[in-house]
Amino acid sequence: MVRNLVIFGGSSHPELVEKICNFLGVQRGGLETGKFSNGETSVSIRDSVREKDVYVIQSGCGHVNDNFMELLITIAACKTASARRVTAVMPLFPYSRQPDVPYNKHGAPLAKNIATPRSDHSYTFESVPPSPRSHSSLGSHSNGTEFPFLTPQKSSLALEREFDRKLRGKESTWLPRGNTAEINTGYKEWVAQSGTLVADLLTCAGADHIITMDLHDPQFQGFFDIPVDNLYGRPILQHYITASIPNYQEAVIVSPDAGGAKRATAIADALEMDFALIHKERRPVRASDKGHSAAMMLVGNVTNRVALLIDDLVDTSNTITRAAKLLKDRGATHVFAIITHGIFSGDAIQRIQASALDKVITTNSAPQTDNKMMLGDKLEILDVSKIFGEAIRRIHNGESVSMLFDVRTL
């Protein structure tokens, strides 16, 4: 029996909340959530949380924005009700996939239709993008002045009056010549980075601690000023490989992209297995085109061997299905995708059904009931409730959680 511990579950994954409560031997806290007629979130706490250790379980899946707002309101309500400590348990952390700034290996494009290019300058890919042309450089005339109505003989007062008259009556004086749509200002599109904002929202709501699993970018922890326990899904994935893959040491661990190579090599080294990498190279179709075509190349040998695709998250399943096709074309006998978080949004299920994947193994960090009904035996689900339940118990009692990172203790 755990004393002074309250577990609240949001509406994102009630099945996982029940399993965690059963593991800890506690009743789920009374929390009612709903929507007002205008779509705003309503949260009501039915149990006393005064001076208690509160854990709010909410996964970043489904209607992500609504679930995240529900989590923030619940945390704030618990702090207002004098909870001693509030911990946000987020098996799948929302907004953790930081968008990449658009990158072009060839540098920024050069401006088109430059009227009088400098003959003493040669452009290279390292050249600085041209700045917007100033208005003063667009109105030069043969009289040596920048504007035709400015002459040295006129007084300053007359100049100001004529300047204002020309500005009001002839605004085209300030427009660049030629096709303005083709002028390159040197501006790169700005991509919003939401990591700091999400961390600040959780902290301002009153969260004292965060528990999550397999952050897409581990550096995300640096956005927080409060403790963050990033549990690893690797031990449970390794346990599945050793227990369910026959002659697993003859198989090959494959990373579907370069970004997940470190994650896949950690499993390959721990299990003393071979490793292969799929490299996705983006090349422009033509030098003048903005679009790119991606060519996937396999680095390693999978001929007549079982290939195990390792990744932390699958959303649209485009990457793993294309990787599975490449592996089968290179001679792999079977292809299994072993992932931590299975979101399967959009037409992901249909893609997996029509793909070369023999089986997909994922955890229940996100609800998988509907996906299991559609994929049947092609989808296998691993339970992470014991890992989160043990983490909650140890943190509540002030114990170390290091043992949860070791596959031998599972």
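The values are calculated or read from the model by the stated rules, or taken from the named source; none is laboratory data. Note that the structure is predicted; figures quoted are calculated from it, not measured. As a convention, Cβ positions derive from the backbone with ideal geometry for all residues, glycine included, and neighbour counts pool all protein chains shown. Ligands, DNA and RNA are excluded from the accessible area calculation, which covers all protein heavy atoms including side chains. Shrake-Rupley method; radii C 1.70, N 1.55, O 1.52, S 1.80 Å.
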Exposure rank, largest accessible area first [Thr333, Thr321; 1.4 Å]: Thr333, Thr321
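Could you please put Phe405, Phe36, Phe93 in sequence from largest to smallest accessible area, using a 1.4 Å probe?
On the way: Phe405 70, Phe36 115, Phe93 10 Å².
Greatest to least solvent exposure: Phe36, Phe405, Phe93.
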Over 31 Å (Cα to Cα) - which of Lys262/Lys372; Lys79/Lys262; Lys325/Lys386; Lys280/Lys386; Lys35/Lys262 fall in this group: Lys79/Lys262; Lys325/Lys386; Lys280/Lys386; Lys35/Lys262
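With a 1.4 Å probe and all protein chains kept in place, how do Leu277, Leu201 rank by accessible area, largest first?
Details: Leu277 40, Leu201 70 Å².
Sorted by accessible area, descending: Leu201, Leu277.
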Qualifying trypsin sites (Lys or Arg not before Pro) for the range 1-78 [loop in DSSP, other Cβ within 10 Å: at most 11]: Arg3, Arg46, Arg50
Highest-first arrangement of 353-360, 383-390, where packing means the average Cβ count within 10 Å: 383-390, 353-360
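Against the globular-protein guess of 2.2 N^0.38 Å, express the Cα radius of gyration of the range 315-410 as a ratio, rounded to two decimals. Can you show the working numbers first?
Working: Rg = 16.4 Å, N = 96, 2.2 N^0.38 = 12.5 Å.
Ratio of Cα Rg to 2.2 N^0.38 Å: 1.32.
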